[in-house]
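What follows is one structure encoded as structure tokens, with my remarks underneath.
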Amino acid sequence: MNPYITNTPQEVGQMLESIGVENIDALFADIKPKHSPQSFDLPAGLSEYEVVRRVTQLALKNNVHVVPFIGGGYYDHYIPTVVGALASRGEFYTAYTPYQPECAQGTLQALFEYQSAMCALTGMAVSNASLYDGGTALYEAMMMAIRMTGRHKVIMDGGVSPIYRKILKTYTHHLSYQFAETPVVHGQSSREEIDRLLDRDTAVIILQNPNFFGSIDDFTDIIKKAHSVGALAIVSVYPISLGLLKTPAQMGADIVTGEGQSLGLPLNFGGPYLGFMCTHKKYVRKMPGRIVGQTLDAKGERCFVNTLQAREQHIRRDKATSNICTNVSLCALQAAIFMAVVGKNGLKEMAQLNLDKAEFAKQLLSKIKGVEVKRSAPTFNEFTVHLPVDASHVVAAMMSRGFAAGFPLGRYYPGMERYLLVAVTEKRTKEEIERYAKALQEVLN
Amino acid sequence: MEIEDNYLYTKEHEWVSIEDNMATMGISDYAQEALGDVTYVELPQEEEEVEQFEQFVSVESVKAASDIYAPMGGKVTEVNRKLEETPALINKDCYGKGWIAKIEVRDMDESTNLMSAEEYRSYLESLET
């Protein structure tokens, strides 16, 4: 018998009989053969050294020496060494949620400071202690808005990351919500189409700043209109951009979410990343996720605890605000350290560098014959260029010259095959940007 | 365990006092004691139409968040705003100052679905055994 599966054949038989299924194969009959494992005959194990050698060989296939000009929601920002050094200390190095305030004050305080920093950054009054990533945070925010309004219609701006939009649709595939997507016109949200769709059935409008094409917008007018029909507004933001841009709170957003990877987390293959969520104080009991609160202990000294847990699933079961009450504490900790190290002025400077370098790149690229830098809307550190040929071919050719040239928009937007999304962070040097422009010119000629 | 004689009760431990067609409701002494210190009451909207036994309030305590059901169907005409600041009124005076909402009753016959104080007392005894 498999040591990890403790059911005896008799127990398996009893369970099958009780649900009226003949055998295990019949139980899994709904799974198509192409999706089921062909065999469970695994090869014999390897020695430690053999494994190290094999994995090293595989790792060498990764091209980690390209200069990245690719963003699309995840950015190559500098991570001060102190972030990793502190976060990997034994006292902190646990991914699991600290339930016991009597032995987890350090972690709880760090999470409280993370929440405080996120509030300062977004301008909102409360933040939870993090969610999985930007996409799932947006999903949770949407569900929160649906619960709060009791309405089922969701308007999604076409400038919201296509990855996020796919996550929302996947999660709600079996629920009867009505999704309406509005187009992006000249890089910005279509006010006209949003006006047409906003009605008293609308639960929420979902916006993103900067949008997926890199354009900056001020959603104040849209959010005001949404509120006038009793709908809520979610704005997904890129935290580094808030060093310069108007905050979502200033625009009137009800819920703010985003991907926190840019706050001190490395670009891994999809994670672990950091989802953040902030809202108004009056909505705190509607917000999913953990919240760390500050209080006084029996001696009257400041201490920290998980708070408002009565809305979470281990207490409220099916009526909980979410079926997730886990967070990504370690990533939130890294973000908290990052924000503390960089500081308020540092973040402003960092944002300004991103903007300036992206503008410099725009200048150089617009001088290349056949390249058109889209300028219909202002941008932060990412912008769209139109190429004379298919962008995915250009990306492949640039790769062999040592550059991750950008994100070919045709991958998510049919008809935009000749558009490339280019991101320029503070890490890109003048020399790298010049070499990039030169390489692009060579590739196109 | 205190039970108000002239009130009617539900199996979910709500009480209701009906005068003319106006029903004042709250949660019973048994319920407030089981919940422990009440920290937050999510009140319904005034003017909201509710069905009998429809969930329309939730009461959060240090231990749990519980759904509260409308003992009678009708229109919510008034909610106890004092609970927003002082949710502990439910613990202190559940049958008086801790009332939750007033409902303009749509159908008086629905009161036959409720228990008298006497029936509620036996019901509580049956729960204990």
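Each value in this text was obtained by applying a stated rule to the coordinates, not by laboratory testing. Quick caveat, the model's predicted, so the values are computed rather than measured. So basically every Cβ, Gly included, is an ideal-geometry build from the backbone, and we count neighbours across all protein chains shown.
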Under the 7 Å Cα-to-Cβ spin-label approximation, A:L175 and B:S111 lie apart by a distance in nanometres of 4.0
Sorting check: for A:165-175, A:406-416, which peptide has the highest mean count of neighbouring beta carbons within 10 Å, and how do the rest follow? A:406-416, A:165-175
Does region B:8-124 classify as rounded, prolate or oblate by the C-alpha gyration tensor (a ≥ b ≥ c root eigenvalues; a/c under 1.5 gives rounded; else a/b over b/c gives prolate, otherwise oblate)? oblate
May I ask which of A:K224/A:K362; B:K11/B:K82; A:K153/A:K224 have a Cα-Cα span longer than 23 Å here? A:K224/A:K362; B:K11/B:K82
When the Cα centres of region B:2-42 and region A:289-307 are compared, how far apart do they sit, in Å? 32
Considering only the other residues whose Cβ falls under 10 Å of the Cβ of A:I70, what net charge follows from Lys and Arg at +1 and Asp and Glu at -1? -2
How much length is gained on full extension from A:V341 to A:H186, taking 0.36 nm per residue of separation minus their Cα-Cα distance? 52.0 nm
What is the distance in Å between the Cα centres of region A:375-445 and region A:113-146? 31
At 222 nm, what helix-only mean residue ellipticity would chain A give, in deg cm²/dmol to the nearest 500, using -39500 (n - 2.57) for each DSSP H run of four or more? -11500 deg cm²/dmol
Highest mean first, what order results for A:66-73, A:331-338 on Cβ atoms within 10 Å? A:331-338, A:66-73
Just to confirm a number: summing +1 for Lys and Arg and -1 for Asp and Glu over residues other than A:R418 whose beta-carbon lies under 13 angstrom from that of A:R418, what do you get? -1
Under a no-solvent Debye model with one identical scatterer per Cα of the protein assembly as shown, what's log10 I(q)/I(0) at q = 0.05, 0.13 Å⁻¹? -0.29, -1.34
Kindly work out what percent of the DSSP beta bridges joining two residues of the protein assembly as shown are antiparallel, to the nearest 5. 70
Using helices alone, I'd like the mean residue ellipticity at 222 nm for chain B: each DSSP H run of four-plus residues gives -39500 (n - 2.57), total over residue count, nearest 500. -5000 deg cm²/dmol
Qualifying trypsin sites (Lys or Arg not before Pro) for region B:4-99 [loop in DSSP, other Cβ within 10 Å: at most 12]: B:R81
A:D195 and A:Y412 label points (each 7 Å along its Cα→Cβ direction) are spaced in nm at 2.8
Averaged over its residues, how many other protein chain Cβ atoms are within 10 Å of peptide B:60-68's Cβ atoms? 4
Take every residue in peptide A:316-328, count the Cβ atoms of other chains within 10 Å of its Cβ, and give the average of those counts. 1
